[in-house]
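The values are calculated or read from the model by the stated rules, or taken from the named source; none is laboratory data. Predicted, not measured: the structure shown is a model, and the values here were computed from it. Here the Cβ positions follow ideal geometry from the backbone for every residue, glycine too, while neighbour counts run over all protein chains shown. Note: areas computed on protein heavy atoms with side chains; ligands, DNA, RNA excluded. Shrake-Rupley method; radii C 1.70, N 1.55, O 1.52, S 1.80 Å.
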Amino acid sequence: MNIMDNLFNVLKSDDFNTLPHLMKGLNTLFEAVEANQSGPLKADLLDPQFLSELESVPENVDISFGKSLTDIKCLIRDENLRVHEVYLKYDGIKRIRIISVNIPFAPFLEYIYSTVEEVIVAYLKHVITLQSYFYELENIDNNCVVVEPIKPTFKDDYRNIRIDDKTWLHVEITPDGYPTNIHLIGQSETWQDKLQAGVLNWDHDKNIVENVMSIFDFDKSMLLSKGNTNKLDHEDTQMDDGILCGICFCSELPNSPGVPQPLCQNSNCNVYFHQNCLFQWLVACEGGRPPAFGVINGSCPTCLQPISCSKKDCVI
Amino acid sequence: MAAMSPSERRLQKELMSLMKEPPPGVTVDGDQASQNLTLWTIHMEGVPGTLYEGEKFVLQFKFTNKYPFDSPEVTFIGNNIPVHPHVYSNGHICLSILTDDWSPALSVQSVCLSIVSMLSSCKEKKRPPDNSFYVKTCNKNPKKTKWWYHDDSV
């Protein structure tokens with residue numbers, strides 16, 4: 001009997017005349033179908049050599065399968081016990097590709113490897129060079145309030161650190177663990193002055209968090225203070241947690257990354273906007289003409305004070 | 001269900017908060033609006049102590065898929081169009097935030113409040129001076145009218 005016949009039997013049968021019974025019936029049916037499908041896969045699709053390879057990986061590697069037996073997820077522990085996710089695809093005998101990794105700098109993605117072990121060796125060799133990168137990111141995540149990315153990982157090579165309710169510090173980290181493109185988002189002049197003076201005196205023997213603390217005269221507790229950033233913890237915000245954008249009224253945009261930022265520099269205007277939403281509005285105010293140099297000026301939709309927005313990361 | 005567009009997401013949120021905590025004298029027809037998010041009917045009562053005390057009005061909001069970057073089209077509909085120097089007898093409203101001064105930070109709620117306050121501050125019930133000419137010649141969509149906001153006092 002094929003699946004459709006089975007399905008009709010379940011739908012027609014009097015045994016399943018209530019919703020819970022019906023759900024149970026459907027569930028049993030689907031389980032049976034699934035068990036049927038995954039049965040023969042193992043024997044047919046994979047070559048035995050590859051399977052034995054997977055069984056003999058070193059003990060710092062855990063292997064699991066994804067959607068099919070040719071999608072493989074490796075959890076690799078490096079010498080500092082950091083765990084890295086590496087996704088592989090088995091394309092055929094001695095043809096293994098890396099599909100994705102959880103680090104942003106991966107020069108080896110296009111290669112084709114003949115064994116899983118080769119992948120692990122190449123990955124670990126590369127990861128050794130990134131140790132300062134991992135260290136700086138971990139240190140920021142542990143000692144600062146990171147407002148963006150919402151769930152920071154090693155794949156994100158930047159952090160937006162909360163300085164106060166209206167000011168974030170943007171830092172990008174190079175593969176060597178050096179900070180770059182440091183700037184404030186929603187800057188007040190005081191912080192801006194401190195940052196400008198501080199960047200000139202950057203102490204490369206100290207880590208990024210220590211430098212940030214000395215630039216802004218912060219101690220550890222101040223960097224970890226969340227202030228009002230979490231003020232939306234109450235129950236009214238079931239649909240969206242976190243800061244809402246003053247234009248789309250949501251915290252997350254479906255098609256583009258980014259959280260609402262304190263972009264208005266009027267200290268009395270406590271409204272946050274997605275860079276994307278604000279940019280779109282300011283362009284619309286200019287009759288739809290995008291700005292010549294990527295930065296557009298206009299007035300804040302909420303307080304009407306001058307505001308500017310850059311095109312970086314915006315998708316329109 | 002297909003993913004909601006940003007404009008639908010925002011309208012959905014506005015509708016929920018307007019139904020949950022409506023401003024005094026304002027009620028939204030939630031059933032109709034949730035069936036068609038781009039067309040809302042809002043009932044409005046004249047504020048006690050003003051010239052419109054005891055009167056009931058109906059407002060219609062139309063949204064495009066560019067909302068909130070594009071302002072909503074707002075008109076009075078039904079039998080009772082308020083007699084007011086900024087409201088034409090066909091229901092069109094001369095209010096700057098509905099066209100030139102629209103901002104995406106405004107919402108259905110803030111537009112309703114502006115209209116309530118526009119009505120409440122009225123000192124003499126009369127139609128705009130150019131009412132009969134305007135009503136004969138205007139476009140059906142009030143947003144096509146090039147408004148001349150002459151008077152800030154009412």
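The set of residues in the range A:225-251 being at pLDDT 80 or above and either more than 14 Å from chain B (Cβ to nearest Cβ) or in a loop (DSSP other than H, G, I, E, B) (or both) consists of A:ILE243, A:LEU244, A:GLY246, A:ILE247, A:CYS248, A:PHE249, A:CYS250, A:SER251. Consider the range A:256-274 and keep the residues that are open to solvent by less than 70 Å² (accessible area, probe 1.4 Å) and away from chain B (no Cβ under 14 Å). The one that is farthest from A:ASP165 (Cα to Cα) is A:VAL259.
Reported count of residues in the range B:19-39, each being in contact with a Gly (Cβ under 8 Å, 6 or more places away or on another chain) and within 14 Å of chain A (Cβ to nearest Cβ), is 1. Need a quick list: strands (runs of 3 or more DSSP E) entirely within the range A:158-209 having at least 2 residues that are farther than 27 Å from A:PHE105 by Cβ. Per the criteria, A:158-164.
Each residue in the range A:83-101 was checked for being touching a residue at least 12 places away in the same chain (Cβ under 8 Å), under 19 Å from A:ASP156 (Cα atoms) and open to solvent by 30 Å² or more (accessible area, probe 1.4 Å), and 4 of them qualify. I'm checking my understanding of the structure. Among residues of the range A:291-303 that are more than 9 Å from every other protein chain (Cβ to nearest Cβ) and among the small types (Gly, Ala, Ser), which one is farthest from A:CYS245 (Cα to Cα)? Top of the filtered list is A:ALA292. When the residues of the range B:8-18 are filtered to those that are in contact (Cβ under 8 Å) with a residue 12 or more places away in the chain and either within 27 Å of B:SER117 (Cα to Cα) or loosely packed, with under 11 Cβ neighbours inside 10 Å (or both), the one that is nearest to the other protein chains (Cβ to nearest Cβ) is B:ARG10. Annotation: of all residues in the range B:56-68 being out of contact with any His (no Cβ under 7 Å at 6 or more places or on another chain) and open to solvent by 50 Å² or more (accessible area, probe 1.4 Å), the one that is nearest to the other protein chains (Cβ to nearest Cβ) is B:LYS66. A search for C-beta distances below 8 Å between a residue of the range B:131-148 that is under 14 Å from B:VAL87 (Cα atoms) and any residue that is outside any loop (DSSP other than H, G, I, E, B) and open to solvent by 80 Å² or more (accessible area, probe 1.4 Å), counting only pairs 6+ apart in sequence or on different chains, returns B:CYS138/B:LYS144. Scanning the range A:237-290 for residues that are among the polar types (S, T, N, Q) and more than 23 Å from the chain's Cα centre (by Cα) gives A:GLN265, A:ASN266, A:SER267, A:ASN268, A:ASN270, A:GLN280.
State all residues of the range B:70-108 that are away from chain A (no Cβ under 14 Å) and among the small types (Gly, Ala, Ser); if no residue qualifies, say none. Result: B:GLY78, B:SER89, B:GLY91. Of all the criteria given as (1) in a loop (DSSP other than H, G, I, E, B); (2) within 13 Å of chain B (Cβ to nearest Cβ); (3) within 23 Å of A:LEU169 (Cα to Cα), the one not satisfied by A:GLY288 is (3).
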